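Inspection log for the structure reproduced underneath, given as structure tokens.
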Amino acid sequence: MPTNAWPFWKTVPRFDREYSAKDLLRAGRSWLRKNGAGRPEIEHLFALDHCQFLRSGRECLYLILKILNLRPKSIIGVPLYCCASVFEAIAVAGHVPFFLDVDLDSYSLDEEFLRRHAQRLDALVVVHTFGYPGNLKRLQSCLAGRNIPIIEDCAHALFTEFDGRLAGTWGDASFLTFGMHKPAAAGGGAVLIINNPDLASAAKREFIRLGRESSGQELRHSLICWARSLAYHRVTYGALLASPLGRYRDEERGVPDGDELVKIEQNWSPAKIRSVDQVLVAGRIHEFRRKMFVLAENTQKLRDGIAESSLALPEEPAHGKWNHFMVPVRYPSGKDRESGRRLLTRRGVDTSPLYQNCARNARWFGYQGGCPQAELAGQTVCTVPNHVWLSDAEIAYIAESLRMSAPVHQAPEIEYLQKSAAHS
């Protein structure tokens, strides 16, 4: 007998409450004193010689591509199943994204696809999507000995490990982000990490040129972060989700066209992290490290709870350590996902169809098809809540709701992939 659906005030938001009044006050004190903190924590954690705090992950990627000093219009390999801001940063840096397919078991790059197209690439972006570690040694072997720069996008991957080392320490350069809905969410900010010592001089020159936001911009940013976080309290979020505003929660911003990209490039100047964000970073890093054990337990309970259903959840990696920041669940088809999400919403469990428009967004940057597994991921995957404050009974309720949302049939996924590959 299924458990009764929760009322709206018990709704579990897709993301956690990440910015409190206490954080606002602490940021305000930093703003008044014009100081930040956190750099020693990052340097100790990663044993770094060269790093720099910036405002965002996209600015980090843009600056890394500048530091690499690639020829104009270089071909940058990037997973199609990815945030559009990654595509935008590549284009604004003067290069061309080359879209790569993904493995549906790990959401990392598909090795055979990468092997077939390796000769075309001038650099490669490896994204540890959902905090799940890509197998960096195997991906590197797919390059067939080509010594091209590898950039790690660790936006989801704080404390994720590959082969006993932290993600972000393998590639030539990498970046972590601290924006809202990231593992160590501090409101904003990111850290650019240089691992290849040959890039140190170029990095230093770029870092010296970085400016800062004005005091007024920093204060406005803190107030916006606090206001946004208020919406993720269970009662508030449940009321918003139940209202007509709920239908807008999955809206994505429009992707810029060619003319807009030119304007963005003319006005885009990477800047140092805001002091109001940097002062929170070290504490957030320690908080997330303490959460990881509980998050991993929650994931296993959800995996056990849907084991006999038609839903798929990644297994624990043999090649590394997943930080369990996000829990992706894959439905057999896009139609099944949408009907399943509607049922989950009615039962007070919010979900996020992350990167659902990845193929549409990529077309603005030249994508013409050819990545069927990544397209399928965009249509069939959603993340489910995984918060440390959820009780065992609440985790069991989410698993029960997922089972109820799962179709009893298996959609012809393989047939879809074959047809998509044939059309491409």
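The values are calculated or read from the model by the stated rules, or taken from the named source; none is laboratory data. Computed from a predicted structure; not experimentally measured. A quick note on method: Cβ atoms are made from the backbone with ideal geometry, for glycine too, and the neighbour counts reach across all protein chains shown.
A few remarks follow.
- Residue count for region 143-176, restricted to those that are aromatic (Phe, Trp, Tyr), modelled with pLDDT of 95 or more and part of a loop (DSSP other than H, G, I, E, B): 1.
- All conditions in (1) assigned to a helix (DSSP H, G or I); (2) within 25 Å of MET180 (Cα to Cα) hold for VAL329, with the sole exception of (1).
- Applying the set (1) surrounded by fewer than 22 Cβ atoms within 10 Å (Cβ to Cβ); (2) in contact with a Gly (Cβ under 8 Å, 6 or more places away or on another chain); (3) outside any helix (DSSP H, G or I) to LEU124 leaves exactly one unmet item: (1).
- Enumeration of residues in region 54-85 that are under 13 Å from the mean Cα position of the chain (by Cα), crowded, with 23+ Cβ neighbours inside 10 Å and not in a loop (DSSP other than H, G, I, E, B): GLY57, ARG58, PRO79
- Restricting region 186-232 to residues that are of a type in the set (Lys, Arg) and more than 21 Å from the chain's Cα centre (by Cα) leaves a set whose member that is farthest from LYS22 (Cα to Cα) is ARG205.
- Selected residue (criterion: modelled with the lowest pLDDT) from residues of region 233-273 that are of a type in the set (S, T, N, Q) and surrounded by fewer than 12 Cβ atoms within 10 Å (Cβ to Cβ): GLN266
- Elements of type helices (runs of 4 or more DSSP H) contained in region 334-424, each with 3 or more residues being surrounded by fewer than 17 Cβ atoms within 10 Å (Cβ to Cβ) and at pLDDT 95 or above: 334-346, 392-405
- Qualifying residue in region 274-289 (condition: modelled with pLDDT of 90 or more and assigned to a loop (DSSP other than H, G, I, E, B)): yes
- Residues in region 132-142 that are assigned to a helix (DSSP H, G or I) and touching a helix residue (DSSP H, G or I) at 6+ places or on another chain (Cβ under 9 Å): ARG138, LEU139, SER141.
- Residue match in region 158-179 (condition: free of Cβ contacts under 8 Å to residues at least 60 places away in the same chain, under 30 Å from ARG290 (Cα atoms) and touching a His at 6+ places or on another chain (Cβ under 8 Å)): no
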